[in-house]
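One structure is given here, and the rest of the page talks about it.
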């Protein structure tokens, strides 16, 4: 409800009565006054769209100049021809700065992580939080739409005290969220930046008819999920021996993990077998580690289960396979 209250405040500051807009969004004045109340995605989408059109300002009063209706559509059109998501987001950040001077968006990539950050250049007053949340969610939602994929967040941070409604951040920015640190930003796997765009001008025209859900609803499909699962299994074998521990590491539920892998034509067990077999054969060939240590390094809880699995993969025990494949001295 804090974000509904922010829209009401934006209307009042612009001299527009919010009551009719709230009624059309099926939000009662009593609900607005209740900080514990919540609204549905549809209600928030409806209220935001009505307010943007009533104020002719898609920024809803955040900035020192209005962003007239259609401004964010203009930004999207400038990005739609980009060859990859990374180029599209760089364009988005650069062109956003052409529309206003109160904030700067920046995309950085280092150490396998990409960070989209937002720096403010003036005091945004009581609309500060609403601006940070809305601009970052809009950028994240658009990025997901452009590549038709969920982009899991590694973390988010905000330069404001932890609000009473901090639980809403778990919905808007799934993953670890830190407060009292800046600049406002979210971080994700940099490999998404190399993915080609899946949308064209026709898809853009359709999306812009109802663009606001991008800032509210999360994508289900993750085009890099199989790669992320492989990486987690390979680099953290002891922390990923169960579906529950792996899904927690990826900020998913175990049920969601299994469902999304199935949608991508993969299974967790098959990926485990693939990664474990590759790791085991490398250790058996390149080191003289005892079989028990190879089992532990491969993610097995005990030597017996490792030997049983390895025999299914190769038809031999690890010791037999090592002996047959080791180069002659």
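Please treat every number below as a calculation from the coordinates, not as lab data. For clarity, every value in this text was computed on a predicted model and none was experimentally measured. With ideal geometry, Cβ positions are generated from the backbone for all residues, glycine too; neighbour counts draw on all protein chains shown.
Quick look at the values:
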| quantity | calculated |
| --- | --- |
| Principal-axis tilt of helix 128-147 within the chain, Cα atoms, nearest 10 degrees | 50 degrees |
| Residue 69 versus residue 226: modelled label distance in nm, points set 7 Å from Cα along the beta carbon direction | 4.5 nm |
| Equivalent ellipsoid, the chain (semi-axes from 5 times Cα gyration tensor eigenvalues, Å) | 48, 20, 17 |
| Percent RCO, i.e. relative contact order, over region 225-325, from Cα pairs under 8 Å lying at least 6 residues apart | 24 percent |
| Spacing of the two label points (7 Å from each Cα toward its C-beta) at residue 324 and residue 262, in nm | 3.6 nm |
| Residue 273 paired with residue 168, simple spin-label distance in nm, labels 7 Å along Cα-to-beta-carbon | 4.8 nm |
| Relative contact order computed over region 66-216 (Cα-Cα under 8 Å; 6+ residues apart), in percent | 29 percent |
| Helix 2-13 axis, angle to the chain major axis (alpha carbon atoms, nearest 10°) | 30 degrees |
| Helix 225-235 vs. the chain, principal-axis angle (Cα, 0 to 90°, nearest 10) | 50 degrees |
| FRET E, pair residue 19, residue 238, Förster distance 45 Å, beta-carbon r, rounded to 0.05 | 0.20 |
| Extension gain from residue 314 to residue 33, taking 0.36 nm per residue of separation minus the Cα-Cα distance | 94.5 nm |
| Contact order normalised by residue count of the chain, Cα under 8 Å, 6+ apart, percent | 13 percent |
